[in-house]
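J.: Just dropping this structure here.
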Amino acid sequence: MIDMTVDLNGLKLKNPVMTASGTSGYGTELEDFFDPSLLGALIVKGTTPEPREGNRYPRMAETASGMLNSVGLQNKGIGHFKEVIYPDISRYDTEVIVNINGNTIDDYLNITGQLVSMDKIRAIELNISCPNVKMGGMAFGTHSASAREVIREVRKAWPRHLMVKLSPNVTSVTEFASIAEEEGADSLSLINTLLGIAIDAEKRRPKLANITGGLSGPAIKPVALRMVWQVSKAVEIPVVGIGGIVSSDDALEFIIAGASAIQVGTGIFLDPEAPVKIVKGIEDYCKRHGFSNTEEFRGSFEDVAP
């Protein structure tokens, strides 16, 4: 028997596969394809204190082996989540993690304070790294002092599992990983999207109304994999790998590099059933190689020349 459970520093997952925030709404959209409770966790779309309309259209553009998005955290706010969404998704037999965002530390504390009363929410993903909003988010994730301050304050206010989502758009991702660990993060998720642009050559104009957007998909996987490998060696807390994971082979590479769990994002747009296929693929890999659980080969990457 293969034990697919993962202990993410006290947060128990039935398997190491999660959805990435912003790629399947609140999880209910997946019900047409599979039971969301089959996954280790659902990370719901980014939530802010007040409703946000998001950025102007167009806000998505296809790129080679990926996509750029500049949605801008469109959501109906924490009030709507509390009154409408939370009662619905509480029925899922899996962990539900809320990705929280804000322009100021008070914004983050506002959301955190309201989530504390929701017992089903046993973890939050502190997003300090969103590259497609003009205020907040990115500023916290790319300045060490600001990152330290917001993590510290949210840690004081949040009594349960705190996952911090890191930006790849920094000089040293390990520096920010260490800051998050020092300030009490229970786990880290990385990477968020890479900042990029797409140009319409005929019009000589940007394809996105916001000009810049976050690059995701298979194109960023080598960068994400490298950063997960670096961070997993630099900190003691668990690392959750994100970036270009569309198959079980992709997921396995992240686990071998040191990730305890993974998130599937853009891969869901390519194949809505990708997350459950990845769970099955990881289990099959364990059977083929004689592993009883993923922890037996996590971080087993031998970084020597072939």
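Coordinate-derived values only; no laboratory data. What you are looking at is a predicted structure, and each value in this text was computed from that prediction instead of being measured. Neighbour counts are summed over all protein chains in view; Cβ atoms, including those assigned to glycine, are modelled from backbone coordinates with ideal geometry.
J.: When the Debye formula is applied to the Cα atoms of segment 145-271, each taken as the same point scatterer, what base-10 log of I(q)/I(0) results at q = 0.12, 0.22 Å⁻¹?
T.: Cα-only, vacuum Debye calculation for segment 145-271: -0.50, -1.20.
J.: Based only on other Cβ atoms within 10 Å, what is the fewest-to-most ordering of Met118, Met4?
T.: In increasing order of surrounding Cβ atoms, one gets Met118, Met4.
J.: About the Cα centre of the chain, what is the dipole size in debye to 20, counting +1 per Lys and Arg Cβ and -1 per Asp and Glu Cβ, all else neutral?
T.: Values: 30 positive and 38 negative charges, 163 e Å.
About 780 debye.
J.: Arrange Leu190, Leu42 by Cβ neighbour counts within 10 Å, fewest through most, would you? Could you put the intermediate results ahead of the total?
T.: Values: Leu190 27, Leu42 24.
Result, fewest neighbours first: Leu42, Leu190.
J.: Another one. Please report Lys277, Lys45 as a ranked list, fewest other C-beta atoms within 10 angstrom at the top and most at the bottom.
T.: So the ranking, lowest neighbour count to highest, is Lys277, Lys45.
J.: Using the basic label-point model (7 angstrom from Cα toward the beta carbon), what is the Glu29 to Asp106 distance in nanometres?
T.: 3.2
J.: Be a star and scan segment 66-86 for residues whose amide nitrogen sits under 16 Å from the point 7 Å along the Cα-to-Cβ vector of Ser117.
T.: 78-86
J.: How far is it, in nm, from the label point at Arg91 to the one at Asp303 when both lie 7 Å from their Cα along the line to the Cβ?
T.: Rounded to a tenth, the inter-label distance reads 4.7 nm.
J.: Picking from Gly22, Gly196, Gly290, which is most flexible by a Gaussian network model of the chain using Cα springs under 10 Å?
T.: Judging by the Gaussian network model, the answer is Gly290.
J.: Could you check the spin-label model distance between Glu83 and Val223? Points 7 Å from the Cα along Cα→Cβ, value in nm.
T.: For Glu83 paired with Val223, the spin-label model returns 4.0 nm.
J.: Quick check: convex hull over the Cα atoms of segment 61-124, volume per residue in Å³, rounded to an integer?
T.: Cα-based convex hull of segment 61-124, divided per residue, equals 129 Å³.
J.: Counting pairs of Cα atoms in segment 230-306, how many percent are more than 20 Å apart?
T.: On the way: 923 of 2926 pairs.
I get 32 percent for the Cα pairs in segment 230-306 exceeding 20 Å.
J.: I'd like the GluC sites (Glu not before Pro) in segment 52-122 restricted to DSSP loop residues with at most 12 other Cβ atoms within 10 Å, sorted by number.
T.: Glu53
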